[in-house]
1. Full-extension gain between Asn198 and Leu179, please, as 0.36 nm times their residue separation minus the C-alpha to C-alpha distance.
2. Can you tell me the length gained on complete extension of the stretch Lys89 to Lys121, counting 0.36 nm per residue apart and subtracting the Cα distance?
3. How much length would be gained if the chain were fully extended between Phe157 and Thr41, taking 0.36 nm per residue of separation minus their Cα-Cα distance, in nm to one decimal?
4. Have a look at the stretch 110-235 and give its Rg and Dmax from the Cα atoms, expressed in angstrom.
5. Taking the mean number of other Cβ atoms within 10 Å as a proxy for protection, how do you rank 99-107, 118-126 from highest to lowest?
6. Give the dimensionless ratio obtained when the Cα radius of gyration of the stretch 16-150 is divided by 2.2 N^0.38 Å.
7. To the nearest 10 degrees, how steeply does helix 62-71 sit against the main Cα axis of the chain, on a 0 to 90 scale?
8. After finding the eigenvalues of the alpha carbon gyration tensor for the stretch 1-91, what semi-axes result from the square roots of 5 times each, listed largest first in whole Å?
Amino acid sequence: MDRKNVIYIAGYGRSGSTLLEMIIGSNNKIYPLGELTNFDTIKHKDKAKCSCGKYLKECEFWRNIIKEYDLNNKIAINGQKKLWALIFKNTPENIHYVIDSSKTARKNHFRPIRLAKLLGKNIYMIHIVRDGRGCIQSLIRGSNQKMENGEEPKIYFPVLRGTLGWMISNFSAHIFQILHKDKYLRIRYEDFTGDFENVMKKIGVFLDICFQEEIKRIKEANELPTIHQISGNRLRSQRTISLRTDDGWKNSFSSMNNIIFLIFNYFFVKLYEYDIKFNKIP
């Protein structure tokens, strides 16, 4: 009997989900697969790469899945069942969890709830939260995927888009929390990068997995093992990780943008214990 379950990384983009997935996914009981919601969109794109460095059609993990998946009919719900069946079939026997880091933004607001019903498996949600103003400042710089593909990265109306998107993405994660409170864990990006060891121990208790080796690997700046993430940001191609909190946005985020953000998100800012006003970094 296949006892593999799913870790679902929820939250808004630019919140550290790729970083989180790379680190916990380096454990030998966990198999990180990236943003699986984009599988259908990118599986036949010539430039689509796996985090292992190979094109998807050449990747030792994804090439067989793509080939078998294409033999299946394209009815959406059957396609999803087929994809997950192939994933569970092709991951090693010792794996306890596979990671889907599709988050809860845009079309994925209720994806983890749908997956729990579709797969009949336990979905363990790790909801990663970053101060939304940092997410928005990153959004102002442009689209990560377009940058990776060498395209024009400009995003229109980034402040309004980020303000509403951050609110809805986090609200959606809390709906899952209400339905599956024992399968939900929330962490802050700022704590993950600033108090790494304690947050990893907290995740370890949640998943019943020891992360001591992964903690040591990051502290000593050793290489991460090769993994097979699809989609996600450019960080996934790196093999060594240097943890630091990216709070440079505080020097760039305007007072007007802060007011717009707080009009919609005051409740969540207080819930997640962020400062209403912030000081610039010297």
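We did not get these values from a lab; they are worked out from the coordinates using the rules stated. Keep in mind it's a predicted model, so treat the numbers as computed, not measured. Reconstructed Cβ throughout: ideal geometry from the backbone, glycine too, with neighbour counts over all protein chains shown.
1. Working: separation 19, 0.36 × 19 = 6.84 nm, distance 2.68 nm.
Stretched out fully, the Asn198 to Leu179 stretch lengthens by 4.2 nm.
2. Gain on extension, Lys89 to Lys121, equals 10.0 nm.
3. Working: separation 116, 0.36 × 116 = 41.76 nm, distance 2.45 nm.
Result for the pair: 39.3 nm of gain on full extension.
4. Rg and Dmax of the stretch 110-235, Cα atoms, are 16.9, 43 Å.
5. Numbers: 99-107: 22.3, 118-126: 17.8.
Listed from highest to lowest mean packing, they are 99-107, 118-126.
6. Details: Rg = 15.5 Å, N = 135, 2.2 N^0.38 = 14.2 Å.
After normalising by residue count via 2.2 N^0.38 Å, the value is 1.09.
7. Compared with the principal axis, the helix lies near 70 degrees.
8. After diagonalising the Cα gyration tensor, the semi-axes are 21, 17, 14 Å.
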